[in-house]
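The values are calculated or read from the model by the stated rules, or taken from the named source; none is laboratory data. Model, not experiment: these values are computed from the prediction. Neighbour counts run over all protein chains shown; Cβ positions are idealised from the backbone, glycine included. Areas reflect the complete protein model, heavy atoms only, side chains present, ligands, DNA and RNA absent. Shrake-Rupley method; radii C 1.70, N 1.55, O 1.52, S 1.80 Å.
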Amino acid sequence: MEPMAIVAIFVLAVFVGFEVVSKVSSTLHTPLMSGANAIHGVILVGAIIVADHSSTNLELGLSVAAIILATINMVGGFVVTDRMLEMFKGKGKERTKAPK
Amino acid sequence: MNRAIYDLIGLSAGVCFILALKGLSHPRTARRGNLIGALGATIATLVVFFYASEGSSLPLNNLGWILGAMVIGLLIGVPAARKVQMTQMPQLVALFNGVGGGAAALVAIVEYLRLGDGATVAEVVATVFTVIVGCVSFSGSIITFMKLQELMTTRPVVFPGGRFVIAGTLVSVLGCGGWVISALGTTPLLILAGLSLLFGVLFVLPVGGADVPIVISLLNAFTGLTVAASGYVLDSTLLIIAGTLVGASGTILTRLMAEAMGRSLFGTLFGAFTAKPQDVAVGGETRPVRSGSPDDVAILLNYARRVVIVPGFGLAVAQAQHTVRELADLLTAKGIDVAYGIHPVAGRMPGHMNVLLAEANVPYEQLAEMDEVNPTFPQTDVALIIGANDVVNPAAKNTPGCPIYGMPILDVSLAGNVIFLKRSMRPGFAGIENELLYDPKTTLLFGDAKASLTKVVGALKSL
């Protein structure tokens with residue numbers, strides 16, 4: 001890929017990243033951190049790519065380890081975030097039901 | 001599948017991640033945001049299986065190994081995430097972050113082994129960056145996990161000349177990185193990985209227990225950047241976008257968290273070196289404290305007009321969120337004004353208490369953030385502190401040099417009476433003695449938070 005295109009993607013992504021979380025109440029800090037943590041689990045994609053490229057046993061062994069770790073990161077991350085947020089949802093429901 | 005379609009699908013996954021972070025920033029959309037993120041990750045993972053990168057063909061090589069490894073990851077990750085108790089969630093997030101960093105470092109190492117001399121300088125630089133930061137994130141997260149799980153001391157670990165050792169390690173990590181870039185070779189890279197792992201350990205050891213969440217958030221942002229760097233090496237737009245997003249939002253989040261604690265990031269990371277070590281009296285404490293019975297506590301509460309409940313980690317450990325709600329309902333029924341004073345970092349993670357009390361269906365209106373509740377303490381008759389310590393410790397205001405100095409606290413000492421439900425006289429997570437425990441208007445009720453609360457509820461009912 002063009003080096004300039006990569007720099008452009010990087011810079012724009014930095015600003016989007018700053019912008020989307022600039023105002024978040026402390027209530028949501030933990031779920032947000034956990035959710036962002038799950039997102040970087042997409043390194044799984046990278047792990048699969050290098051496993052595909054692997055030609056020696058060493059490379060394959062390391063990639064398999066990377067896939068296991070990345071899958072734990074990604075899947076575990078989303079599940080645990082959902083569990084945290086489930087509780088918020090229960091509360092939200094009750095609030096909307098309650099007569100104002 | 002041709003490259004353009006592959007990249008477009010990758011881009012849509014990237015958009016999912018942006019929407020996920022956006023959604024996670026608002027209470028009403030948070031859960032949907034997380035599901036959108038999961039959808040993006042699923043799309044991104046599936047599409048790799050249908051795209052043959054240069055020099056490769058479909059189906060992917062080593063497909064059996066790849067799928068097998070993913071199944072193992074699922075079998076470990078899902079049960080861990082489902083079974084973990086609410087109290088242990090911070091540790092688990094730290095651990096997940098660590099394995100992510102480890103995965104990024106491994107990916108970079110494998111790609112480096114494969115490219116060998118064919119790698120461009122930019123690729124080698126990106127690889128070196130990924131290996132260093134990924135390894136730091138991995139070993140640093142393991143240490144934070146051990147601190148939170150209390151497998152090791154939660155106090156800052158400082159040894160003589162510590163800062164020189166850390167600085168020395170950092171210099172050798174950077175030097176070794178330069179060596180890899182100039183000399184190329186597997187051995188320098190493995191030495192680099194080892195040094196980086198060591199640096200990660202040294203980097204987190206001096207951080208005090210109460211600051212650990214900030215460090216987790218910082219390491220989380222680090223891992224995001226490593227993912228972006230490996231995206232560059234692997235020529236994957238998606239990894240660059242996703243990694244950068246996490247790196248940027250993680251940095252902001254780290255700053256927000258540090259602000260909530262009234263600390264600078266620098267102070268959090270290096271505070272232990274500049275502060276004078278405090279002698280903490282553990283055990284052998286002979287100063288008198290006033291301990292009361294559940295009946296005493298019930299009477300104090302019964303004749304109050306306004307009660308502020310301050311929950312802390314002890315509440316989470318005892319799983320007492322339902323009992324505390326029962327107590328609050330009982331008091332409200334008696335016409336007593338009840339509020340929960342939530343310190344932003346009560347518990348082991350920002351927002352920990354909100355999650356816990358939400359589980360017990362505590363009415364949202366009763367949860368008051370620190371800035372709201374602090375001005376009301378002079379009109380409060382009883383501040384009921386359940387398993388919290390550091391967040392109400394006046395040392396944060398009047399003892400310069402102590403590890404939590406400068407952290408905003410809940411001013412419970414302004415209330416008419418202060419009641420502590422504690423397991424013992426042990427100091428809190430930050431390891432600092434709390435003067436408030438010896439204050440004449442303080443009553444202590446020792447025991448497990450849930451057992452104590454149940455007794456207080458019983459006593460209150462029979463009044």
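To keep it simple, each residue is scored yes or no on (1) without any contact (Cβ under 8 Å) to a residue 24 or more places away in the chain; (2) facing chain B (nearest Cβ under 7 Å); (3) surrounded by fewer than 24 Cβ atoms within 10 Å (Cβ to Cβ).
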residue: A:GLU2; (1), (2), (3): yes, no, yes
residue: A:VAL16; (1), (2), (3): yes, yes, yes
residue: A:SER25; (1), (2), (3): yes, no, yes
residue: A:LEU32; (1), (2), (3): yes, yes, no
residue: A:ALA36; (1), (2), (3): yes, yes, no
residue: A:HIS40; (1), (2), (3): no, yes, no
residue: A:LEU44; (1), (2), (3): no, yes, no
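Within segment B:322-366, which residues are among the hydrophobic types (A, V, I, L, M, F, W, C) and touching a Ser or Thr at 6+ places or on another chain (Cβ under 7 Å)?
B:VAL338, B:MET349, B:VAL355
Taking the condition buried (at least 24 other Cβ atoms within 10 Å of the Cβ) and over 21 Å from B:LYS455 (Cα atoms), does B:ASN354 pass?
Spelling it out, B:ASN354 is indeed buried (at least 24 other Cβ atoms within 10 Å of the Cβ) and over 21 Å from B:LYS455 (Cα atoms).
Restricting attention to segment B:203-244, report how many residues are touching a residue at least 40 places away in the same chain (Cβ under 8 Å) and in a helix (DSSP H, G or I).
The qualifying residues number 27.
Okay, residues lined up against (1) open to solvent by 10 Å² or more (accessible area, probe 1.4 Å); (2) within 7 Å of chain B (Cβ to nearest Cβ); (3) not in a helix (DSSP H, G or I):
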residue: A:ILE9; (1), (2), (3): yes, yes, no
residue: A:GLU19; (1), (2), (3): yes, no, no
residue: A:ILE49; (1), (2), (3): yes, yes, no
residue: A:ALA65; (1), (2), (3): yes, yes, no
residue: A:ASN73; (1), (2), (3): no, yes, no
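Pick from segment B:326-346 the residues that are without any contact (Cβ under 8 Å) to a residue 60 or more places away in the chain and open to solvent by less than 20 Å² (accessible area, probe 1.4 Å): which of them is farthest from A:HIS29 (Cα to Cα)?
Filtering first and then ranking leaves B:ILE336.
Please indicate, with yes or no, whether at least one residue in segment B:251-258 is crowded, with 24+ Cβ neighbours inside 10 Å and modelled with pLDDT under 85.
yes
Name, by its number, the condition in (1) touching a Cys at 6+ places or on another chain (Cβ under 6 Å); (2) at pLDDT below 85 that does not hold for B:GLY209.
Among (1) touching a Cys at 6+ places or on another chain (Cβ under 6 Å); (2) at pLDDT below 85, the lone unmet condition for B:GLY209 is (1).
I'd like the full set of residues that are in a helix (DSSP H, G or I), touching a residue at least 40 places away in the same chain (Cβ under 8 Å) and open to solvent by 50 Å² or more (accessible area, probe 1.4 Å), limited to segment B:123-173.
Listed by number, the residues that qualify are B:VAL125, B:PHE129, B:PHE138, B:ILE142, B:ARG163.
What are the pairs, 6+ residues apart or on separate chains, where a residue within segment B:94-119 that is touching a residue at least 60 places away in the same chain (Cβ under 8 Å) has its Cβ under 7 Å from a residue that is outside any helix (DSSP H, G or I) and of a type outside the set (Asp, Glu)?
B:GLU111/B:LEU234; B:TYR112/B:ALA119; B:ASP117/B:LEU184
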